[in-house]
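First up is the structure itself, then whatever we jot down about it.
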Amino acid sequence: MQRTMRNEKILTCEIEYIKCFSKAVEAQNSIRFRDDLLQDMYYHNFTLIMDSNSEDELYRLIENEISLREGSNFCNIVSFVPISDCLLQKFEYKPQVSVSGFYLLDIDRHSRPIDKAKCIISRVNDASMIDDIVRLDLEHDGDRLGVDFCTRRAKRRGSVCLLDKGVASYICYDDGEAVGSCNIFINGDVAKIEDFAVSLTKQRQGYGTLILGSIIEAALKSGASTIYLVTDEEDTPKEMYLKYGFKKIGEQTDLLFKL
């Protein structure tokens, strides 16, 4: 079977990013991630399947991961290997299926972002700034995911940013008001852009382009020659990424089993 993404430097960066939040147990073709501090966060607690020799082997691997999650209410699988409809029909639990794309920046198309009056992009360096990220997260997902979970998720990720483990978070302030945020992870000469968000009341006003451009500038200054992001193929911001110069280079399939 073939992987859906073949850039080894990006795959390595992706794994190292997750390790900033979660403990990793590595096997021959998979890695199991667990975050003891945020056990209900799907993308801190999942099994990554990197390769498989056959569909039967892939089925057995996923079934084993489901069995190991007994006592939990979910089992999340992220696979770099294509998942066929035929394989999905074999499972007793029918998963929620989503596809995310890997997008690589054409650095030659990047230009310095145009400044907006009274806008400042600041790196998160204290707990009060994490509170601003919490507010932005609640605005986006509070109704859908709940206030408690969104607060714990934002604080968990913010705490890692303060540890200087390679993950940095930036907030865009317009005249003192937090209007957007974005994270970046640097691994060698590879940079991953993550958790990009603009306040719902400030979208389509140029803030997204400003934040994205500023984050890319920060990555380039850190020595990155490869800059990428991963986004749900159904997400609206994907169109902005394409216009900015990102090009799709691969996919991953996400299977969320509710147990």
*asked:* Tell me whether region 153-162 contains one or more residues that are of a type outside the set (Asp, Glu) and within 18 Å of residue 15 (Cβ to Cβ).
replied: yes
_region 241-259, residues that are open to solvent by less than 50 Å² (accessible area, probe 1.4 Å) and hydrophobic (A, V, I, L, M, F, W, C)_ = 246, 255, 256, 257
*Can you work out which of the residues in region 102-133 that are within 16 Å of residue 199 (Cα to Cα) and of a type in the set (Val, Ile, Thr) is most open to solvent (accessible area, probe 1.4 Å)?*
120
*Taking interchain pairs and intrachain pairs at least six residues apart, which have beta carbon atoms under 8 angstrom, with the first residue in region 223-243 and closer than 15 Å to residue 213 by Cβ and the second part of a helix (DSSP H, G or I) and open to solvent by 30 Å² or more (accessible area, probe 1.4 Å)?*
227/107; 227/220; 240/209
*Identity of the residue in region 134-154, under 16 Å from the mean Cα position of the chain (by Cα) and free of Cβ contacts under 8 Å to residues at least 60 places away in the same chain, that ends up surrounded by the most Cβ atoms within 10 Å (Cβ to Cβ)*: 154
*So which residues in region 193-211 are open to solvent by 10 Å² or more (accessible area, probe 1.4 Å), in contact with a Leu (Cβ under 8 Å, 6 or more places away or on another chain) and of a type in the set (A, V, I, L, M, F, W, C)?*
196, 197
*Find the strands (runs of 3 or more DSSP E) located wholly in region 1-78 whose residues include 1 or more that are modelled with pLDDT of 95 or more, surrounded by 15 or more Cβ atoms within 10 Å (Cβ to Cβ) and not aromatic (Phe, Trp, Tyr), and list them.*
30-34, 46-49
_Name the single residue that is least open to solvent (accessible area, probe 1.4 Å) among those in region 155-192 being free of Cβ contacts under 8 Å to residues at least 60 places away in the same chain, of a type in the set (D, E, K, R) and under 26 Å from residue 115 (Cα atoms)._
174
*Give me a count of the residues in region 160-170 that are of a type outside the set (Asp, Glu) and farther than 24 Å from residue 208 by Cα.*
2
*Number of the exception - residue 227 against (1) in contact with a Phe, Trp or Tyr (Cβ under 7 Å, 6 or more places away or on another chain); (2) open to solvent by less than 10 Å² (accessible area, probe 1.4 Å); (3) under 29 Å from residue 118 (Cβ atoms); (4) not hydroxyl-bearing (Ser, Thr, Tyr)*: (1)
_Can you find, within region 82-109, the residue that is modelled with the highest pLDDT among those that are under 14 Å from residue 62 (Cα atoms) and of a type in the set (Ser, Thr, Tyr)?_
84
*Is region 212-221 home to any residue that is of a type in the set (Ser, Thr, Tyr) and either surrounded by fewer than 17 Cβ atoms within 10 Å (Cβ to Cβ) or within 21 Å of residue 79 (Cβ to Cβ) (or both)?*
no
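The values are calculated or read from the model by the stated rules, or taken from the named source; none is laboratory data. This structure is a prediction, so every number in the text was calculated from the model and none was measured. Don't worry about glycine lacking a Cβ; one is built from the backbone with ideal geometry, like all the others, and counts go over all protein chains shown. Side chains are part of the model used for accessible areas, which takes the heavy atoms of the whole protein and leaves out ligands, DNA and RNA. Shrake-Rupley method; radii C 1.70, N 1.55, O 1.52, S 1.80 Å.
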